[in-house]
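Read through the structure below, which is laid out as structure tokens, and then see the notes.
Please treat every number below as a calculation from the coordinates, not as lab data. Please read all numbers here as calculations on a predicted model, not as lab measurements. Cβ coordinates were reconstructed from backbone atoms using ideal geometry, including for glycine residues, and neighbour counts include every protein chain displayed.
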Amino acid sequence: MLEGRYHRGFSQERLAASNEPKVHKDDKGYFIMSLSENTKVYFEDYYVFLEKTYAKASAERSRLNEKLFTTMSDKIETLSYYRARGVIVDLLLKTIIRFYTDGANFGVIMTPWCFGTVLLEKVEVYRDRIGKGEVEDQNIPEYPYYVINYIDEAYKKTLLEMFDFPEKAFKMRWQYSELLNRYSKILNDITSSLNSVLGTIKNYGA
């Protein structure tokens, strides 16, 4: 459980009562085979990883709050650096909560390195939205130039710290991204084919 209020989306009780063919069990517990790596991902290990990362990110958020409070207002670049880290940490915390509590989609269950890749890309997308003025964020001042620069400079290092990953973890991102995009394309193709069939049936019936 996170913060004593966020519950695991797939609890042990729920997994035990499930007839879902994707869920398997061995001596170590319940697991699924990940799409991106075709490897076992144990639910317990995954949730423990999220819990530990959440605790570390929460502590970092508290540290940043203190730094922002005690840093003089004329230290623009220093404040921008703390705010940039705040953007990254806040996005990490929000994503962990969403993935941790999701009990409808087995796609949120993945290896730690794959989860790290997901966050890496989320930060990049969010950073672009900040640059376009599409985001209202408490970490972003009226003129976000320095914050954006520090996000670019610090986001990989910050995430590696939060996850306690080696640098090589993010060098695998192409593998995860390519496979996830491939599965997404397959699903889109299937949807398009089904829509085409339904359209043909409707036209035939008319």
Least to most buried among D74, D45, by other C-beta atoms within 10 Å and fewest first, runs D74, D45
So K122 and N65, fully extended at 0.36 nm per residue minus their Cα-Cα distance, gain in nm 18.3 nm
Env charge @ V48, Cβ radius under 14 Å, K,R +1 / D,E -1, value 0
The farthest towards the positive end of the charge dipole of the stretch 1-68, of the residues L35, H7, A59, given +1 on Cβ of Lys and Arg and -1 on Cβ of Asp and Glu, is A59
On the formula 1/(1 + (r/R0)^6), with r taken between the Cβ atoms of Y143 and T39 and R0 of 41 Å, the FRET efficiency rounded to 0.05 is 0.35
Spelling it out for D102: with amide H atoms placed in the peptide plane at 1.01 Å from N, the residues 5 or more places away or on another chain with amide H under 5 Å from its amide H are G9
Rounded to a whole number, the Stokes-Einstein D of the stretch 12-179 in µm²/s (Kirkwood radius over Cα pairs; 20 °C; 1.002 mPa s) is 123
Over 27 Å (Cα to Cα) among K56/K156; K40/K94; K28/K156; K75/K171; K56/K132 -> K28/K156; K75/K171; K56/K132
The answer for the net charge of residues other than T101 whose Cβ lies under 15 angstrom from its Cβ, with Lys and Arg +1 and Asp and Glu -1, is +2
Quick note on S34, S18, ordering by fewest other C-beta atoms within 10 Å, gives S18, S34
Exposure proxy check on T95, T70, T53: fewest-to-most Cβ neighbours within 10 Å is T70, T95, T53
Computed for the stretch 12-179: size of charge dipole around the Cα centre, +1 on C-beta of each Lys and Arg, -1 on C-beta of each Asp and Glu, debye to nearest 20, value 140
Cβ-Cβ cut-off under 15 Å around N149, Lys and Arg +1, Asp and Glu -1: the net charge is 0
